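Bear in mind these aren't lab numbers, they're just calculated from the coordinates by the rules spelled out. It should be emphasised that the depicted structure is a prediction, and the values quoted were computed from it without experimental measurement. In this analysis, Cβ positions are derived from the backbone assuming ideal geometry, glycine residues included, and neighbour counts consider all displayed protein chains.
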Amino acid sequence: MSWILLLAACASCFELPGEDSPDQVEDTPPIDTNLDSADTGDTGEAPLPGPCTQPHEDDENFGNDYSQPIALQLDAWACGTIDAANDVEYFTFTTLQSGWMKVDAQAELRGSSADLFTLVAFLTGDDAVTTTGRSLGSDPLTVFYAPTPGDYFVSLAESDAGYGDAYGWWMVASMTKAPVDFDLTETEPNDGREEATTLVPVEELDENGVPITPGVSVVKYYGTIGDGGDADWWIVNIPEGADLFLLDVDSFKLGAPTDIQLTLYWTDESGALDFFDEEGTDEDGSVEDPWGEYDVAKIRAQGAKDYPTRTRFDQIAVRTTNWEGSDGSMFHWYTLSLTMTDLEKTE
């Protein structure tokens, strides 16, 4: 099995599900559009969690042997100290049902000097992930959808080789609610432009069927980068009267190790690529989660300037990829939302 390192941050951003949480359908993430702010993965301040129930005993055999990992109970905090050079702790935990999982390691949040990294892998396959630094902190946090019950492997170490009494660590594995809400789930195959999924935003209506924000239509998809080098293709049809459209990815800052890149192209009527390549940046400044607002008049004018013989500029292809271009797995999830503003309706 190939192991890859993993980093994350913003610990304790997600609540645990209640006892009445429904079982999840295998290979299909739960769809829940009624989550409150805590459930949707908002990364504001959160209280530090409970006490350690599996303390490190400074025994050289406690978790330091790859062949004898510590068996973690779900929802139970383990803790200890990086007390020697090249000190690595190894853990396993078992999920009994499919659903969203969280592996949360803390040091900075609790005043420790340790700069932790963690590796997370599914024991029955080659899926393993790494990242280096969350947009809102340095403590590793990994949130992913586990499609089947099973055993997972986690390793924890100090990224700068520091150690000593000040290098304390805390870690927990638990089930959690979905960190995001979404309308639809990506349908494979959509790995080429000829198989692209069309993004069709709709106006949000109140209980009386009246548009909540007239002239503004939204759709959000859940997608995964499931294989090394995987690409997802989407089509945006720009209607007459539209003045702006906004594309927004949420992934890395919410616990996925995915570093999504958006690439945009003009398409001709046959769907071939030929124009417009740009990567955006999220509203919070994160380069990992791209975000971009596009002026329809400007991009149409640019298309007409570059391609004077063309008469139609009403369709754009969007390609989503993992920036690293490799190591796709169940852990690499994201949501892509399209917001379209229709000037005719808003005037």
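How much net charge surrounds Ile212 when only the other residues with a Cβ under 9 Å from the Cβ of Ile212 are counted, with Lys and Arg +1 and Asp and Glu -1?
-3
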Mind running the shape call on region 184-346? Use the C-alpha gyration tensor, a ≥ b ≥ c as the square roots of the eigenvalues: rounded below 1.5 for a/c, prolate if a/b tops b/c, oblate otherwise. oblate
Could you work out how far apart the two model spin labels at Asp206 and Ala84 are, taking each label as a point 7 Å from the Cα in the direction of the beta carbon, and quote it in nm? 6.7 nm
